[in-house]
Amino acid sequence: MECSDARMLLVVLMIVVAGSRQASCNVVQFIFGDSLSDVGNNMYLTRSLARPSLPWYGIDFGNGLPNGRFSNGRTVADIIGDKIGLPRPLAFLDPSLNEDIILESGVNYASGGGGILNETGGLFLQRFSLYKQIELFRGTQELIRNKIGAEATDKFFQQSFYIVALGSNDFINNYLLPVYRDSWKYSDDGFNEYLMMTLEQQLKLLHGLGARRLIVFGLGPMGCIPLQRVLTSSGDCQEKTNNLAINFNKAAEKLLQDLSGNLPNTSFRFGDAYDMVNDVISNPDKYGFDNSDSPCCTIGRIRPSLTCIPVSRLCKDRSKYVFWDEYHPSDRANELIADEIIRKLGLSQLNTTNSFSQSTAPSPAPFS
């Protein structure tokens with residue numbers, strides 16, 4: 001072979017390899033959400049009052065140190081991604097995030113305290129609302145466009161997988177608190193309509209930015225989280241709050257069906273695990289839990305605290321508790337929720353390889 005021919009062949013191979021790296025066939029995910037999906041953004045919001053910064057957060061995940069998740073282990077989005085072959089995206093504010101990592105893994109914009117509405121979660125001082133998260137996503141697209149060009153960027157974002165998981169803060173840290181104007185401005189139905197109108201515009205924005213495969217997570221029985229129970233004299237679930245969640249889910253499911261029917265080349269689906277979670281809470285023994293009404297991480301009878309605090313104590317066996325703290329499910333409960341969403345939606349493997357597939361679940365050891 002002539003030297004010139006060999007050099008030409010080498011150049012062609014380099015172009016092919018570079019192109020394959022630039023336009024990877026692997027699907028990545030972009031996650032929009034609140035503390036149930038946050039993997040570290042609030043850790044970098046230094047004035048936020050919603051930060052999982054104590055050592056007990058992440059105790060059953062990785063090296064056992066805080067990793068930005070409001071749980072002892074993984075989020076529902078973590079687990080779904082692991083099980084269908086998606087890489088875990090870094091938090092948007094993670095200083096190591098760059099264009100190459102975005103192309104390999106996507107981005108997580110979720111922020112503890114965030115809501116569908118801009119006004120939600122103001123008591124936490126700093127948080128990303130869904131509109132802000134979409135704004136950050138738009139900026140991410142500009143970064144990728146500058147790196148790989150417009151055509152490849154459009155293809156990359158259209159083949160990606162999207163999760164939107166917000167709404168509980170809009171009720172618990174907005175509508176149900178009298179310090180917010182929305183609590184006295186709207187009726188229950190009126191507030192739900194306000195949320196749906198806002199969510200519809202946000203999902204249309206995401207569609208305009210390339211989102212084609214998207215799942216919106218439904219709300220669980222919010223009235224049964226420890227924070228809501230402790231506000232009642234009986235310690236029972238708050239039916240009003242649960243009914244708000246049920247009505248939100250019904251409206252959101254219809255909204256997703258309508259958008260999928262009207263927006264071109266779109267699969268927007270609703271991930272509902274309400275009934276299953278309600279059954280877990282009502283019949284914990286059936287699922288191997290000992291406790292479904294109080295948090296594993298607690299300060300005892302002097303409650304509630306927003307998150308674990310320095311004087312909090314841990315339960316003896318975290319795998320036996322449905323709730324990790326006053327707001328958030330434990331890793332084991334999150335896995336049940338993820339499995340239910342995967343089952344209901346019939347989600348299948350999207351990528352052939354996934355670095356987390358062999359060691360996704362922590363093995364909580366009894367705390368002593």
*asked:* Given the options 177, 143, name the one that is touching a residue at least 12 places away in the same chain (Cβ under 8 Å) and assigned to a helix (DSSP H, G or I).
replied: 143
*Please specify each residue of region 319-334 satisfying the condition of being of a type outside the set (Phe, Trp, Tyr), outside any loop (DSSP other than H, G, I, E, B) and under 17 Å from residue 237 (Cβ atoms).*
322, 329, 333
_Return the pair list, or none, for Cβ contacts closer than 6 Å from residues in region 51-68 that are part of a loop (DSSP other than H, G, I, E, B) to residues that are of a type in the set (Phe, Trp, Tyr), at least 6 apart or on different chains._
52/70; 66/57; 67/61
*asked:* Given the condition closer than 25 Å to residue 56 by Cβ, without any contact (Cβ under 8 Å) to a residue 40 or more places away in the chain, touching a helix residue (DSSP H, G or I) at 6+ places or on another chain (Cβ under 9 Å) and assigned to a loop (DSSP other than H, G, I, E, B), answer yes or no: does some residue in region 301-318 qualify?
replied: no
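Scanning region 243-296 for residues that are in a loop (DSSP other than H, G, I, E, B) and aliphatic (A, V, I, L, M), which turns out nearest to the chain's Cα centre (by Cα)?
Looking at residues that are in a loop (DSSP other than H, G, I, E, B) and aliphatic (A, V, I, L, M), I get 273.
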*asked:* Quick test of your reading of the structure: residue 146 fulfils all but one of (1) in contact with a Phe, Trp or Tyr (Cβ under 8 Å, 6 or more places away or on another chain); (2) more than 26 Å from residue 246 (Cα to Cα). Name the failing condition by number.
replied: (1)
*Test residue 94 against the stated conditions and say whether it is in a loop (DSSP other than H, G, I, E, B), acidic (Asp, Glu), at pLDDT 90 or above and within 19 Å of the chain's Cα centre (by Cα).*
yes
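Kindly indicate whether residue 182 is farther than 25 Å from residue 48 by Cβ, of a type in the set (Asp, Glu) and touching a residue at least 12 places away in the same chain (Cβ under 8 Å). Give the derivation first.
Details: farther than 25 Å from residue 48 by Cβ: no; of a type in the set (Asp, Glu): yes; touching a residue at least 12 places away in the same chain (Cβ under 8 Å): yes.
For residue 182, the condition - farther than 25 Å from residue 48 by Cβ, of a type in the set (Asp, Glu) and touching a residue at least 12 places away in the same chain (Cβ under 8 Å) - is not met.
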_I'd like to check something: does region 258-281 contain any residue that is farther than 13 Å from residue 218 by Cα, at pLDDT 90 or above, among the hydroxyl-bearing types (Ser, Thr, Tyr) and crowded, with 18+ Cβ neighbours inside 10 Å?_
no
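The values are calculated or read from the model by the stated rules, or taken from the named source; none is laboratory data. Predicted model, so just to flag it, every value in this text is computed and none were measured. Positions of Cβ are backbone-derived with ideal geometry, glycine not excepted, and every protein chain shown enters the neighbour counts.
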